[in-house]
1. On a straight-distance basis, which aspartates and glutamates could pair with Lys294 in a cross-link, Cα separation under 13 angstrom, same-chain partners fewer than 8 positions away excluded?
2. Report, as a whole number in µm² per second, the diffusion coefficient that Stokes-Einstein gives for segment 141-222 at 20 °C and 1.002 mPa s using the Kirkwood radius over alpha carbon pairs.
3. Which angle from 0 to 90°, rounded to the nearest 10, does the C-alpha axis of helix 279-302 make with the longest principal axis of the chain?
4. Sort Thr24, Thr70, Thr220 from largest to smallest accessible area, using a 1.4 Å probe on the heavy atoms of the protein chains.
5. With every protein chain kept in the model, how would you rank Ile80, Ile100 by accessible area, 1.4 Å probe, largest at the top?
6. Taking the solvent-accessible surface of protein heavy atoms with a 1.4 Å probe, what is the per residue accessible area of the chain in Å²?
7. Under a crude label model (7 Å from the Cα following the beta-carbon direction), how far is Ala189 from Asn50 in nanometres?
8. Sorting check: for 198-208, 56-66, which peptide has the highest mean count of neighbouring beta carbons within 10 Å, and how do the rest follow?
Amino acid sequence: MKHLLKLGDLSPEEILHVLDVADTLKALHRQGSDPKDLAGKSVALIFGKNSTRTRTSFEVGIYQMGGLGTFLNAATELQIARGEPIQDTARVLGRYYDAIIYRTYKQSEVEALAQWSGVPVISGMTDYGHPLQVLADLMTVRERKGRLEGLKAGFIGDGYNMANSLIVGCLKAGMTMVAACPKGYRPAADVLMMAKQYGDRFRLVTDPDEAARDADVLFTDVWISMGMERETERRRRDFAGYCVDAKRLKLAKPDCMVQHPLPAHRGEEITEEVLESHADEIFDEAENRLHVEKAVLSILLAGR
């Protein structure tokens, strides 16, 4: 693993290795003995999208491992906001930093940064995918279920970045997946093409009840992602009926987990009742972002 740009680039073995390292680092952190895998290392945190969890978890994680993290606002602090080509920014930052995290809109920008920087690049989220979040999801499911192989995952919502990464991550981890998305909101074409190789382990449907039925874990995400605010009213109409509520959850297995990447819009994609009744596992999921990100950095920079 030279970069983490999208989950489709990783083998099933590499995904499981990230989870194993994350488990180890979480256990060490709770013992108060964080390994200093990043001692003497510097990491650039370039953000073109707002963030709570990604920014803070990376800053804390880099500090815990003895490194230096520098936050850079792509919209206000970097010359790319004034038209500097991404390849020029990449070649400069690659001479200062040991790794770069980039959270932006276009997947092509993350790919270009990796091509030109000469150092490991990690996607902090794009419109195409959110690999770190899904690795944290898989870590949380495995912690609570004891396994991933053979579990049924259901996704209800927009076939956007979270859906793209969940489909890839769940299938590569040995799970089955049913994704329920309204017409016109399908996942990316290349993700659906990849999923075909898994046969009946993946289905794309429009009925959210099909995704919930007999699920071991149910995923959802916001209906209106960053940059889509002008589509708010149309999306609320199009996603009506796609809420994860108590009635729908009864279709799942009695011990079904619920996962949400946060922030949650209570009353839209998930009800207050469901979110609060599954809050422990949802906020475990949020915590595990820290441990997964530390694992990815340790693998890329320290060879774990």
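1. The reachable aspartates and glutamates, counting only those whose Cα sits under 13 Å from Lys294, are Asp20, Asp23, Asp34, Asp37, Glu59.
2. 173
3. 30
4. Working: Thr24 65, Thr70 40, Thr220 0 Å².
Reading off the accessible areas and sorting them downward yields Thr24, Thr70, Thr220.
5. Accessible-area ranking of Ile80, Ile100, largest first: Ile80, Ile100.
6. Numbers: 12890 Å² over 304 residues.
In whole numbers, the chain has 42 Å² accessible per residue.
7. The answer from the label model is 3.3 nm.
8. Ranked by mean Cβ neighbours within 10 Å, highest first: 56-66, 198-208.
The values are calculated or read from the model by the stated rules, or taken from the named source; none is laboratory data. Worth saying up front: this structure is predicted, and the values here are computed from it rather than measured. A quick note on method: Cβ atoms are made from the backbone with ideal geometry, for glycine too, and the neighbour counts reach across all protein chains shown. These accessible areas exclude ligands, DNA and RNA; they are computed on the full protein's heavy atoms, side chains included. Shrake-Rupley method; radii C 1.70, N 1.55, O 1.52, S 1.80 Å.
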